[in-house]
Amino acid sequence: MSNPVSFIFSGLFVILAHGAMLMNIFFNGNYKNTGDLALLAAVVIGLDILFYIIMLFWKQNTYTVDFMLILILNMSTIFQASFGGVHMDKDVIKHIITCIAAIAASRLGFWLVRDYRRIQNRRAYIWAGIGFLMLVILVCCGRRSIWIDLGFITIQPSEFIKPLLVLACATSINEQQHKHKFLSFNIVWENVILFGVVAAVCLFQWWCRDLGSIPTFAAIYASGFLLRICYPKTKFSKKTLIAAISAVVLICGVGIYFAPDYVRARLFVDVWSDTNGDGYQQSQALIGIANGGWFGKGPGFGFLHNVFAHENDIVFATISEEWGLLYALMMTVVLLFICSSPLIFPPRSYFHGTMCAGICAAITVQMALNIFGSCNLIPFTGVTIPFISAGGSSMVTSGLMVGMLIAAQNPVFTKVKKKKKQGNSLLSPLKQRRSA
Amino acid sequence: MKSIRRCQSIITLFLVIFIAGMSVLVIKINREAPFYMMHSDKHELGMVYDRSGDVLFDGLHKGTYEDNHFLDIGNLIGDDSGQMENTLVAQNIDKLNNYSFSAGLVREGGKAAIYTTLNHAANRAVYDAYMGAKGCTVAYNYKTGEILVCTSLPSIDFTKGYENIGSLESGTLLSKAMCGTVPGSTQKVSTVISALEIMGPDLLFSKSYNCTGQYTNATGGTIDCHQSWGHGVQNIQQAVENSCNPFFAQLVEDPDMPLERIIEIYRKLGYAVNDDKPQFLDIDGIQCDRASTTLTNSSDFTTQWGCIGQGDTLVSPVQLMMWQSAIANGTGKMTIPHLIHHVTNVYGDTCDCAVTKYSDELFSPSTAETVKRILLTNGANHYTWSIPNYVVGVKSGTAQVMDGQEENSLLVGFLNDEQHPIAFCILIENKFTTGVTTEQIAVTLLNALCQ
């Protein structure tokens, strides 16, 4: 541990933050029996303490994002348990379990990509994983559905494609230097494959009617694409860039033109003229936010908990109504802090940098789709806010991605016995010197 | 390190776009939150007051008021029941919302209110003066645009509910001052303005036409005069005072009055001529009809009647009153009327103060002065006994409606008094069924506003 004082104070800060939220419920919230609140407090504080104990066994340069992760996860638990009045029912217990799963996933993500060579040498598995998930969706999901219903739990396999796509973008970045002459063009085959895979995933999502995920996949690919353009010796011409942007605009235009009726209805719906139809959730969400004002009606005292998907699709509004817009913004700030951590603790290699950009793109786009969509700034999609919305698949994949983000700040560079141009090109000049 | 910075730039780009979006969202929510709340079942409305603080609408429903306190302004002010849409409350309900994003919903002590320009006492006096007759009266300050009186009969006291809505008389739930009506001879004011704009005062006053009680136009149509034995040879001043139909039919047919120019001036005045799209005025959200007519051929029966005030011509009383303001001001520019003087928010802070606005120049100031002189002369010669103690410029009108079965009586005019610059339009429906005259209403109106 590089700084035990920082570790202890960060931990105290998180416990105090959760304690303050629980006190807010105690004094201003809606709860029928104190037992539920006490149980919630025990779970939250207990999970906090357990997390710190576990973290003691992991040697890292920095634990900042880890603390942010437990902060946001238990904030989410408190929110979910207090919607409409404090309750510790099976949905809340399920949410707590998914939070624990998210922590486990973050450790897995951390372990997987901390040493870039481990994943770089196994990138065939990433492609295979994406293909496997698409096959699972095709075979296991109901016709044109995105869910696998196991009875006790439903899984959304497309969520797991997101971290795999991030890794696909990051592991293929150094292939930029390997151009092949094809006809009269210089082709990077891995780029072509990656583009093909992304296009296939997007088309697949279209087919599955999970259009909300397409912008997230597109953002992950866009961040990787932009970094490819910037890759040393890429010599990516401005004409190619303009052509790529034009192609994206064209694809979007064609997509909207040929969009099914239910999509077009969402794109052009006036929520206030259809408050009982397509505009129901958004209009109720906006009324809820207005009802809550800056400081909220008090935990559990809103009305949005009666609206369908209050705990995921319009969760920002539900939090705003009960806890206030300020609190909802603070929650957003925590997520933004996690995303911006690579700016404070820079990644040490281009692989990790590309990975961080992809993760940041995925998280911010998901937040934007959920928050702006539910507040009628953009079409409503039903995408989740990472860690805040209820949903196991989203929670686990978000945890995995944050674990990858933490890994980028605490990388391990295994020594290379035989100096290879290809491998070393992935390291920043600073690390190359260190490795040497 | 340069390559790492590129990664950080991409991350920064995503974060900046998201933060910008969040900023827009917070600003939007802050601005539109009262609107959102008005769409919920959770809202507390404030009050509407007249110019002296008398209550015209009580959103809290907690005050006690004398019976039929709201009757005279019922269909203008309206309520939040949704039964009347084109009313002040319905169209400005967001201004009455005792809510702000910071304060939330204020159930007690909220100060959101609309302070109107109306004079409730004068309104009530005019309403009572109708003595059960139907019609409407609208009057405003032609210098400031403040609507002082706007009553329409029959009306409703909305505090008594709408249980008997099925048995309400036609027109109860709307302000007739805002609706188009056949203007009768008050339309001749527009024709005089057109003639002055086209010919100029010298040529117009040099013209004289003979009235024998009936005029047969070039297409064989006959225009009857209300005085069957005719008015003889008259000039424009005499024709206005006599309200002579044959004179105006011949004026419209005169080669010095090309129809294209009449149409051009009518359109400037706000008429939707022939197939033009109907135009509306917006008076603090209340939609008000303007004017429309059919003008196809100078010798055409309908066209001539259109310029006289029958035919297809429809004008709202508010529009008739506004033309009087352009005349009375001597500028040819109408003063735009308004009902809301100012609004207070939930904290009682004043916002949305009214500002006097004028229309574009509809006709030249010299035309305005000439018409003003004609109307004042008419007032002096014919109305000094019926509207005593006031220097008024007026034009009366009788409009046949319901296929000639009923006749409405109208009086438009202005008070030529610097202290009380009042323009008005008075309409009494089916005048034969009531003993009330427009002049009596005018006296009541002016007494209530000036004394």
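The values are calculated or read from the model by the stated rules, or taken from the named source; none is laboratory data. Nothing here was measured: the structure is a model prediction, and the numbers come from that model. All Cβ positions, glycine included, derive from the backbone under ideal geometry; neighbour counts span all protein chains shown.
Summary of values
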read-out: Meets criteria (in a loop (DSSP other than H, G, I, E, B) and either within 14 Å of chain A (Cβ to nearest Cβ) or free of Cβ contacts under 8 Å to residues at least 24 places away in the same chain (or both)) for B:Leu60; value: yes
read-out: Residue list for region A:176-223, restricted to those being free of Cβ contacts under 8 Å to residues at least 60 places away in the same chain and among the charged types (D, E, K, R); value: A:Lys179, A:Lys181, A:Glu190
read-out: Single residue of B:Val182, B:Val149 found to be out of contact with any helix residue (DSSP H, G or I) (no Cβ under 8 Å at 6 or more places or on another chain), buried (at least 17 other Cβ atoms within 10 Å of the Cβ) and β-branched (Val, Ile, Thr); value: B:Val182
read-out: Residue within region A:306-318 that is closer than 20 Å to A:Phe26 by Cα, within 13 Å of chain B (Cβ to nearest Cβ) and not in a loop (DSSP other than H, G, I, E, B) present; value: no
read-out: Answer residue from region B:74-132, given it is charged (D, E, K, R) and assigned to a helix (DSSP H, G or I) and is surrounded by the most Cβ atoms within 10 Å (Cβ to Cβ) among those; value: B:Lys95
read-out: Matching residues, region A:116-130, being surrounded by fewer than 15 Cβ atoms within 10 Å (Cβ to Cβ) and either touching a residue at least 60 places away in the same chain (Cβ under 8 Å) or not in a helix (DSSP H, G or I) (or both); value: A:Arg117, A:Asn121, A:Arg122
read-out: Any chance B:Ile17 is in a helix (DSSP H, G or I), within 20 Å of A:Ser340 (Cβ to Cβ), more than 7 Å from chain A (Cβ to nearest Cβ) and out of contact with any strand residue (DSSP E or B) (no Cβ under 9 Å at 6 or more places or on another chain); value: yes
read-out: Extreme residue, nearest to the other protein chains (Cβ to nearest Cβ), among residues of region A:214-256 that are more than 26 Å from the chain's Cα centre (by Cα) and at pLDDT 80 or above; value: A:Ile242
read-out: When residues of region B:22-34 are limited to those that are facing chain A (nearest Cβ under 9 Å) and either in contact with a helix residue (DSSP H, G or I) (Cβ under 6 Å, 6 or more places away or on another chain) or among the β-branched types (Val, Ile, Thr) (or both), the one surrounded by the most Cβ atoms within 10 Å (Cβ to Cβ); value: B:Ala33
read-out: Of all residues making up region A:319-337, the number that are touching a residue at least 40 places away in the same chain (Cβ under 8 Å) and within 11 Å of chain B (Cβ to nearest Cβ); value: 2
read-out: Count of residues meeting criterion [closer than 19 Å to A:Arg123 by Cβ and facing another protein chain (nearest Cβ under 7 Å)] in region A:346-367; value: 6
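Conditions (1) surrounded by 21 or more Cβ atoms within 10 Å (Cβ to Cβ); (2) touching a His at 6+ places or on another chain (Cβ under 8 Å); (3) among the polar types (S, T, N, Q); (4) touching a residue at least 40 places away in the same chain (Cβ under 8 Å), marked per residue:
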{"position": "A:Asp261", "(1), (2), (3), (4)": "no, no, no, no"}
{"position": "A:Arg264", "(1), (2), (3), (4)": "no, no, no, no"}
{"position": "A:Ser273", "(1), (2), (3), (4)": "no, no, yes, no"}
{"position": "A:Gln281", "(1), (2), (3), (4)": "yes, no, yes, yes"}
{"position": "A:Gly293", "(1), (2), (3), (4)": "yes, no, no, no"}
{"position": "A:Gly296", "(1), (2), (3), (4)": "yes, no, no, no"}
{"position": "A:Pro299", "(1), (2), (3), (4)": "yes, no, no, yes"}
